[in-house]
Amino acid sequence: MKIFYTDHYVLPLPSGHRFPMRKYAELRERVASAPWLKANTLHEPHAASDAELGRAHSSDYIHRIQTGKLDDAAMRRIGFPWTPEMVERSRRSAGATIEAAFTALEEGCGVNLAGGTHHSFHDHGEGFCVFNDAVVAARALQAADRVNRVAVIDCDVHQGNGTASITRNDPSIFTFSMHGAKNFPFQKESSDLDIDLEDGTADEDYLAALAKGVTEALECSKPELVIYLAGADPHEGDRLGRLKLTKDGLAERDDFVLRMLRRLDIPVTITMAGGYGQDIADTVDIHYQTVMTAARLYS
């Protein structure tokens, strides 16, 4: 199993900015010091090329992002100020999911310590998402004739609206999103399978819905690769989550998804997706649990 990181491409954000960039550096530090980490496991990814990004995004959008030509309204929709560092990190994050996906085909599992940028559409970004790394990676493997059918299992607390929109007319990529019904985005897209959860949903009901949804998604899609957006934001301590999952419940979620994929011999690419804990240590703990579960099952 290989793990890819991009946290050293730091975004120069204004003081008080809401996106918790520090979680990525703290997560890599936890992983790097883990007793289970093997040699040659942590890797810096390439920056996704225009050709790779162009399988999911319009050339005009890629050009305007690269050159800083998006207007203020478009940048406010993304949530980051434009900087060259923002562009480079966004490309590297997409590159990390591409490389984790190729790793998954060879080793069963590959991990991106960032990624999960599922609010990025064909021609615009939003919700802290610039490029849609899941679609970019899925189509990179398809273009290389490595897979035909891909399933996206999205357990971030927010619906994967960008992923659903980009792949709406693409039957080769199956999208399953399990998210808060009343949470962002307030105008939902239609995934191939959506499970809407009420505010306050806790471990037992969540895990029952998860088992049903993952089983249905895999039966319908028969994927050759799964891209799993884990998400720390269903946690009860998340500022933007509105659900009530415990850390133990989220660990059980990851174990269920990854153990099922391992049993079915379906390669999996894991991305961290969202996490906005009132205490950043909780978010890092949850992301680390995800990576540790993968290491236990695939190393």
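The values are calculated or read from the model by the stated rules, or taken from the named source; none is laboratory data. The model shown is predicted, which means the values in this text are computed figures rather than measured ones. So basically every Cβ, Gly included, is an ideal-geometry build from the backbone, and we count neighbours across all protein chains shown. Please note that ligands, DNA and RNA were not included when accessible areas were found on the heavy atoms of the full protein model with its side chains. Shrake-Rupley method; radii C 1.70, N 1.55, O 1.52, S 1.80 Å.
Based on protein heavy atoms only, the chain ends up with 40 Å² per residue of surface accessible to a 1.4 Å probe.
Rounded, prolate or oblate: which one fits the stretch 142-227, using the alpha carbon gyration tensor with axes a ≥ b ≥ c (rounded when a/c is under 1.5, else prolate when a/b beats b/c, else oblate)? Spell out each step's value before the answer.
On the way: a/c = 2.77, a/b = 1.55, b/c = 1.79.
It comes out oblate by the Cα gyration axes.
Reducing the stretch 193-238 and the stretch 44-81 to their Cα centroids gives an inter-centroid distance of 29 Å. Each 5 Å bin from zero up to the one holding the largest Cα-Cα distance in the stretch 153-292 carries the following percent of pairs: 2, 11, 22, 25, 21, 13, 5, 1.
Taking only protein heavy atoms and a 1.4 Å probe, the accessible area of the stretch 120-271 is 47% carbon and sulfur. Note on the stretch 49-201: along the principal axes its Cα atoms extend 39, 38, 29 Å, ordered by decreasing extent. Report note on the peptides 164-172, 68-76: ranked by the mean count of other C-beta atoms within 10 Å, highest first, their order is 164-172, 68-76.
Count the DSSP beta bridges whose two residues both fall in the chain, then state the antiparallel fraction as a percent rounded to the nearest 5. Could the numbers behind the result be given before it?
Values: 2 of 32 bridges.
The antiparallel fraction comes to roughly 5 percent.
Amide H to amide H distances under 5 Å link Thr175 with Val152, Asp192, Leu193, where only residues 5 or more positions off or on other chains count and H is placed in the peptide plane. Normalised Debye scattering of the chain at q = 0.10, 0.13, 0.16 Å⁻¹ gives log10 I(q)/I(0) of -0.46, -0.82, -1.34, counting only Cα atoms as equal scatterers and leaving out solvent. Enclosing the Cα atoms of the stretch 77-135 in their convex hull gives a volume equal to 73 cubic angstrom per residue. Derived scalar couplings between HN and Hα for the stretch 29-41 equal 4, 5, 5, 4, 9, 5, x, 8, 5, 9, 4, 6, 9 Hz in order, rounded to whole Hz, by the Karplus curve 6.51 cos²θ - 1.76 cosθ + 1.60 (θ = phi - 60°), x for Gly and Pro.
If I take R0 = 41 Å and measure r between the Cβ atoms of Arg146 and Gln278 in this structure, what FRET efficiency does the formula 1/(1 + (r/R0)^6) give, to the nearest 0.05?
On the way: r = 41 Å, r/R0 = 1.00.
Rounded to the nearest 0.05, the efficiency is 0.50.
Any idea what the dipole of the chain comes to, in debye rounded to 20, about its Cα centre with Lys/Arg Cβ at +1 and Asp/Glu Cβ at -1? The partial results should precede the final answer.
Working: 32 positive and 44 negative charges, 99 e Å.
Around 480 debye, computed over the chain.
On the beta carbon distance between Lys38 and Arg259, with R0 = 30 Å, the FRET formula returns roughly 0.90.
Beyond 30 Å in Cα-Cα separation lie the following of the pairs Lys23/Lys182; Lys69/Lys244; Lys188/Lys222; Lys23/Lys188; Lys23/Lys222; Lys2/Lys69: Lys69/Lys244; Lys23/Lys222; Lys2/Lys69.
Only helices enter this figure: runs of n ≥ 4 DSSP H residues, each worth -39500 (n - 2.57), summed and divided by the residues of the chain, yield -13500 deg cm²/dmol at 222 nm to the nearest 500. Database remark: amide H of Phe4 closer than 5 angstrom to the amide H of His43, Val111, Asn112, Leu113 (H placed geometrically; neighbours at sequence offset of 5 or more, or on other chains; Pro and chain starts carry no H). Simple spin-label estimate for Gln187 and Thr215 gives 3.7 nm between the two label positions (7 Å along the Cα-to-Cβ direction from each Cα).
Once you have the Cα-Cα distance between Thr246 and Asp199, take 0.36 nm times their residue separation minus that, and quote the gain in nm to one decimal.
On the way: separation 47, 0.36 × 47 = 16.92 nm, distance 1.44 nm.
Between Thr246 and Asp199, full extension yields 15.5 nm more.
Shown in residue order for the stretch 188-198 are the 3J(HN,Hα) couplings computed by the Karplus curve 6.51 cos²θ - 1.76 cosθ + 1.60 at θ = phi - 60°: 7, 8, 9, 6, 5, 8, 10, 10, 9, 10, 6 Hz (x for Gly and Pro).
With contacts defined as alpha carbon pairs under 8 Å and 6 or more residues apart, what's the relative contact order of the chain in percent? Each step should come with its number before you reach the end.
Details: 636 pairs, mean separation 58.7, N = 299.
Reported relative contact order: 20 percent.
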